[in-house]
Amino acid sequence: MRRTDKSFLIFLVLVFFISFCHQSLLAQDTLTGNKLRKLKHPIQNNVADSSKTLPQNNLSSDSLLKNVFTSPSDTLKKSVEVITISKSAISSVVNYQASDSIRFNLKLKKAYLYNKTDIKYDDILLESNYIELDMAKSQLFASGWADSLGNITGKPLFKQGPQSFRTEKIAYNFITKKGLITTVITQEGEGFMHGEKIKKNTDSTTFVYHGKFTTCDRDDPHFELAFTRAKVVANQVIVTGPAYLRMQGIPTPIALPFGFFPNKKGRKSGLIIPSYGDSQNRGFYFENGGFYWGVNDNLDMSFIGDIYTRGSWAVKLRSNYKVRYKFYGNFNIAHATNILGEKNTPSYQKYKDFMLRWVHVQDPKAHPVRRFSADVNIMSSKFKSFNPTSANDYLSNTFQSAIAYSTSFKGKYFLSANMRHSQNTITRQMNLTLPELAFSVNRFYPFRRAKTVGALRWYENISMSYQTNMQNNITAFDSTILVGNMFDKMQNGIKHTIPISNSIKLFKYFNWTNTINYNERWYFKTIEKKWDNDLMIDSVIGNVKVDTLDGFKTARDYSFNSSLNTRIYGMIQFKKGYLQAIRHVISPSLNFSYRPDFARSRYGYYHYYYDKGVVKRYSIFDGTIYGSPPANKAGQLNFSIANNIEVKVKGFSDSVDSKKIVLIENLTFSTAADFARDSMQWVPLSISGRTTLFRNLYVVYNSTWDPYYKDPTGIRSSQTEFKINNRLFRMVQTDWNFSLNWTLNPDALKASKTQTQNSSIDPNNPNKTNSPNFSIPWNLNFGYTLYYLNQEDYIPSKYTNSTIQTLSVTGEVNLSSKWKISASSGYDFKNKELSYTSIDIYRDLHCWEMRFNWIPIGPRTSWNFTVNVKASVLQDLKYVKKKDFRDAL
């Protein structure tokens, strides 16, 4: 061996030994005996450009592996020749480790790593049971390792950024960042790409030879789209040549001339494949087909349509939007033309329907005081019959909408604006409030000193507040709500309210509160009634004529209220036994109210007219939004006593010392003396209360008792029951309401509270539901309501009773870790028949899922069977078969 070769070899061994000791001290691996080593690519022997020097503080034992010195003796002078870095050198540190051993071949400049090895370079991580590093060529080779039985274990796992795949063998170059991979499985978004051979380029593109694409995560997938060649652009798209579907490895006749699979994170635009079928009365159809447009990360849109061969069609626009920390919501609008029967036949019917659904929610962080929200749900009366979007749509007859905006100023003044809508699809009556404005001022104390010294004087507790409401609404049938003279039918008005109150503490234990309420209403229309002999209504000549008069009018009223209340506590304690204490809280209250008669002529609010010779009184504000000032004087003294009783008992376990149980909640006795009446001034006694039994049974009790006698003809007289029948009261009516809500599952049996997921399936759009919850093996929910009413008949001391019962049952059971059956039903005791009943069956098929929904009885009788791929990237790969409830319409 030549001298230069021997010197170089001695120097290489010396540097390696120094590097080994240095790295052993600084980088100990968590595994015993493992040492983290750093290796830089050997610096090429090039001294032509002496201007590119390597700073001394960046020199390390690794970087000196290829340094060339003039002679070995120069090292004793502690000087280093000027060196340069080759353009082909790698720029980052290569970290590697192995749990078994690392062997070096210095002559071939190679390293061999055995058992649970990994290599880290930039954003690349490679794990394998065997790795071979070629330092001279900046290459590596990785594969699995055969165990004692000959089974290959520890196959290479390659990760680079978001990409990761497992393979049989891999060869990779650190400089060119190209690789050749054999028998690989890589995850691309929600899918998995299998390939016999893969070539990885430097521009994040990958070429696949003899591969398959699937969303099944098994090495031997249940289904795949097989192809000969494909190109994968990371985080963008997967494009294949001709592809065909294989199920369990068996080819099917389903084939594609090419495959195009979006592989981009976030929203992706594309076609929405429609579902198809045959409807008995509307013909062959394509439903919910169209285009999805992912506008950006904050907005998307779906343009969807339905078409039937017998003329029915529908168009729909759906959109979701979200701006982080500001707001989010969704928008859904649809128009449909529904045709039943054949044209020019008696059974032919044609309906034009619409639907508008908008939900907008503001993030609480968006603004400290301003709030805006919207929940709009408007549809025509027949839309839900032919085009329901969920099961709740065709089970509901009433729909409401609300759009609200609110803000405040300095935390004292509040402004809100609302628009409301409500409709009943059976009566077709619709009510619109466009708009309603409200302004209010927080309570303030006008007589309170700016700087309080000592106790407050009584008048300093006088408080005031202010509120005004402005409203404009219309009530009409949905077919006439936006046509004709709609604005002439609108009712509007403004109401101002000023409450003035004062609260005083009497004798330390009594609270005395006095309140004066002042109301003022502003209207722009009033009415006038008079007898008209020439007016004909229903073939009757001579009737009352009602005229609407334009003009600004005000209406004012006021009232006084005074209340006195306190609270009395009583407790009995027991030193021995299961019962430890009984606590009784009594809340007596005395309230006096007075309001004058605003029907007096001096106010001008009420007028008189003749109706067939009879003088009748009416208010010029009848039918207005806020009504008229009340007629007739009112003055009452109300008495009430509320009772709460609870007991304290010993705990059921050693960890719980005691437990409180409420026996009676708010058992209240109330009556009043009405001084505005000439006779029979006592108001009937009212008794009400509620309690909860066994945590799930809620009991509510109400009854009415009359102190006055009713004669045999059923007429209430001024004589008292005590005088006639020697009793204080006569029962008028009593009612009991029992409500039972009971959840039974393994967790409930263990006395733990567990929330369960609702796995109900939408029969019209089964793919929208979430996968069922398999964590609870079975679950039952019972709901039972019993309302019992016993009331006095026309004849005294004769009573009639009636009972209303409703029962609802929902339940689900996991037959296995893959099978779930759920059902919901109820019983209508009045009609003696089952209420809405639905049965759902779910089967988890690993990468597929099967759903079956059956509504066996009622007007919505139908069934729906669906088998589909779980992953959204192949959501159109499905089979749907159903019998629609609309076929029976």
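The values are calculated or read from the model by the stated rules, or taken from the named source; none is laboratory data. None of the values given here were measured: they were computed from a predicted structure. Every residue, glycine among them, receives a Cβ derived from its backbone with ideal geometry; neighbour counts consider all protein chains shown. The protein model used for the area step is the full one, side chains on, heavy atoms only, and it has no ligands, DNA or RNA in it. Shrake-Rupley method; radii C 1.70, N 1.55, O 1.52, S 1.80 Å.
For residue 520, what is the net charge nearby, where nearby means another residue's Cβ is under 13 Å from its Cβ and Lys, Arg count +1, Asp, Glu -1? Walk me through the numbers on the way to the answer.
Values: positive: 495, 521, 553, 556; negative: 557.
For residues surrounding residue 520, the net value is +3.
Quick check: with the 1.4 Å probe, what order do 278, 678, 478 take by accessible area, largest first? Don't jump to the answer; show the numbers that get you there.
On the way: 278 110, 678 160, 478 35 Å².
Reading off the accessible areas and sorting them downward yields 678, 278, 478.
Accessible area per residue, 1.4 Å probe, Å², for the range 627-719: what's the number?
58
In the full protein assembly as shown, how much of residue 284 is accessible to a 1.4 Å probe, in Å² to the nearest 10?
Looks like 90 Å² after rounding.
Just the number, please: carbon plus sulfur as a percent of the accessible area of the range 501-557, 1.4 Å probe, no ligands or DNA/RNA counted.
Roughly 56 percent, rounded to a whole number.
Loop only per DSSP, at most 16 neighbouring Cβ atoms within 10 Å: give me the trypsin sites (Lys or Arg not before Pro) in the range 611-651, ordered by residue number.
Here the trypsin sites (Lys or Arg not before Pro) that fit, given the DSSP loop and packing criteria, are 612, 633.
With the calculation restricted to Cα positions, what are the radius of gyration and Dmax of the range 180-314 in angstrom?
For the range 180-314, the Cα radius of gyration and maximum Cα-Cα distance read 18.3, 59 Å.
What accessible surface, in Å², does a 1.4 Å probe find on residue 716, ignoring ligands, DNA and RNA and rounding to the nearest 10?
So the heavy atoms of residue 716 present about 80 Å² to solvent.
Under a 1.4 Å probe, what is the accessible area of the range 333-430 per residue, stated in Å²?
Numbers: 5420 Å² over 98 residues.
In whole numbers, the range 333-430 has 55 Å² accessible per residue.
Just the number, please: carbon plus sulfur as a percent of the accessible area of the range 384-475, 1.4 Å probe, no ligands or DNA/RNA counted.
Carbon and sulfur: 56 percent of the exposed surface of the range 384-475.
With contacts defined as alpha carbon pairs under 8 Å and 6 or more residues apart, what's the relative contact order of the range 146-201 in percent?
In percent, rounded to a whole number, it is 24.
Using θ = phi - 60° and the Karplus relation 6.51 cos²θ - 1.76 cosθ + 1.60, list the HN-Hα couplings for the range 446-463 in order, rounded to whole Hz, with x at every Gly or Pro.
Karplus values, whole Hz, x for Gly and Pro: x, 9, 7, 5, 5, 10, 7, 10, x, 6, 6, 7, 4, 6, 6, 8, 6, 10.
Among rounded, prolate and oblate, which fits the range 116-205 when a ≥ b ≥ c are the square roots of the eigenvalues of its C-alpha gyration tensor, a/c under 1.5 means rounded, and a/b larger than b/c means prolate? Show your work: numbers first, answer last.
Numbers: a/c = 1.75, a/b = 1.12, b/c = 1.56.
Oblate.
Provide 177, 881, 495 ordered by accessible surface of protein heavy atoms (probe 1.4 Å), highest first.
Values: 177 75, 881 105, 495 50 Å².
Largest accessible area first, the residues go 881, 177, 495.
How many percent of the accessible area of the range 200-359 is carbon or sulfur, using a 1.4 Å probe?
That share works out to 59 percent.
By the scheme Lys and Arg +1, Asp and Glu -1, what is the net charge of all other residues having a beta-carbon under 13 Å from that of residue 124?
Its environment carries a net charge of +1.
Ranked by accessible surface with a 1.4 Å probe, highest first, in what order do 126, 564, 744 come?
My answer, sorted largest first, is 564, 744, 126.
Mind checking which lysines have their Cα closer than 21 Å to the Cα of residue 384? Skip sequence neighbours fewer than 8 apart in that chain.
316, 350, 352, 768, 882, 883
Solvent-accessible area of residue 660, probe 1.4 Å, all protein chains present, reported in Å² to the nearest ten, please.
Accessible area, nearest 10 Å²: 150 Å².
Assuming a ≥ b ≥ c are the square roots of the Cα gyration tensor eigenvalues, decide whether the range 98-163 counts as rounded (a/c under 1.5), prolate (otherwise, with a/b larger than b/c) or oblate.
Working: a/c = 2.15, a/b = 1.06, b/c = 2.04.
Taking the square roots of the gyration eigenvalues as a ≥ b ≥ c, the range 98-163 is oblate.
When Lys and Arg each count +1 and Asp and Glu each count -1, what net charge do the other residues less than 10 Å away from residue 636, Cβ to Cβ, add up to?
Around residue 636, the surrounding residues sum to +1.
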